[in-house]
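First the structure, in the form of C-alpha cells, and then the observations on it.
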Amino acid sequence: MDNIIQGISNFRGNIFPGQQKVYEQLVRDGQNPSALIIACADSRVSPEHITQSGPGDLFVCRNAGNIVPPYSQHNGGVSSAIEYAVVALGVRDIVICGHSDCGAMKGLMMPEALEKMPNVAAWLKHSQAASRIVCEAYPADMDPKDRHRALALENVVVQLSNLRTHPSVASGLARGQLRLHGWFFEIEKGTVLAYDGEEGGFVSIEENIQIKVAQAPSVRVAAPEFARAMSVAAE
C-alpha cells in the first residue's frame, strides 16, 4: 500500500501538472473514448498500458476471465458498461481481450480448485461453451499448457458471441456502426494477437498492416425490402 500512496503523490506532484489542461478539457467537454475494451482483471493486463493510451482514450471494463454474460433482464456491471459505451458514448469499436496464463481459464480447467470460491465458479459458467469446444474439438491428449492456451483463445471467441446478444450491440452491428475485435495479449512476449473473423484463428498485430477484426462494419437487416422502404419514407 505504501507504493500505491507514493504513486498517487508522484502523480499529483510530477505528472498531473503537465497534463492538467488535458484533464480540465475532459471535464469541460466530457469523455469521447475511441473504444470499449473488455479485459481480464488480471493485474498483469492493463489495456491502457498495452495500447499506450492516455486519459479519456478508452472506456474499460475488466473482470475475471474477460467475460461478457449473454444479455438478460438481470442488471450487471458488464452489461451496463456495454450499453453505456454504445448508446451514450457512441463508441464504434469493442474489444474483448484475453491473455496468456489466465487464472480464470485455469479454474475452468480445474473446477475443484474453485470449491472455496463459489462466486468465481458461477461466473465462469459463462465460459462453459469454450470449455466444451476444447474438450470435444481438440485432441484429448493435448499438453496441459497447450490446452490452457486453446481454452483462453476459444473463450475470447465465445465472449464475442455473447456480446452480439446485447441489444445495443446487435443494433449497432445491423446499422454498420460497430466493429468487434477479439484480442489476446501474450504477457511473456508483449505481443497482441487479433482474431480474424473471416479466416478464423489469431494473427499478430504488427505495425503498418491492416488489423484483423472479428466483425467488420456491414449494414445487415433480415428484411432489406422494408429497410429500403423506410429509408425512402424518411427522406
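Filter K106/K189; K21/K212; K116/K189; K116/K145 down to the pairs with a C-alpha to C-alpha distance above 27 Å, please. Numbers along the way, then the final one.
Details: K106/K189 20 Å; K21/K212 35 Å; K116/K189 33 Å; K116/K145 24 Å.
Too far apart for the 27 Å limit: K21/K212; K116/K189.
Using alpha-carbon pairs under 8 Å, 6+ residues apart, how would you state the relative contact order of segment 36-234 in percent? Intermediate values should be presented prior to the final figure.
Values: 304 pairs, mean separation 42.2, N = 199.
After rounding, I find 21 percent.
So how long is each side of segment 36-234 along the principal axes, counting just the alpha-carbon atoms, biggest first, in Å?
Taking the Cα atoms of segment 36-234, the three principal extents are 59, 40, 36 Å.
What residue among G54, Q20, A39 has its Cα farthest toward the positive end of the dipole of the chain, where the charges are +1 on Lys, Arg and -1 on Asp, Glu, each on the Cβ?
The one lying farthest along the dipole's positive direction is Q20.
Using a 10 angstrom cutoff on alpha carbons, build the Gaussian network for the chain and name the most mobile of G76, G172, G98.
G76
Counting only helical runs of four or more DSSP H residues, what would the 222 nm mean residue ellipticity of the chain come to if each run contributes -39,500 (n - 2.57) and the total is spread over all its residues?
Values: 10 runs with 97 residues, N = 235.
One gets -12000 deg cm²/dmol as the mean residue ellipticity at 222 nm.
Let me know the charge dipole size of the chain about its Cα centre in debye, to the nearest 20, where only the beta-carbon of Lys, Arg (+1) and Asp, Glu (-1) is charged.
Values: 20 positive and 25 negative charges, 107 e Å.
In total the dipole reaches around 520 debye.
Nearest 5 percent is fine: what portion of the DSSP beta bridges confined to segment 36-234 is antiparallel? Don't jump to the answer; show the numbers that get you there.
On the way: 9 of 25 bridges.
Taking every DSSP beta bridge with both residues in segment 36-234, the antiparallel ones total about 35 percent.
Readers should treat all values here as calculations from the given coordinates under stated rules, not as data from a laboratory. Remember, predicted model here, so these are calculated numbers, not experimental data. Backbone-built Cβ (ideal geometry, glycine too); neighbour counts: all protein chains shown.
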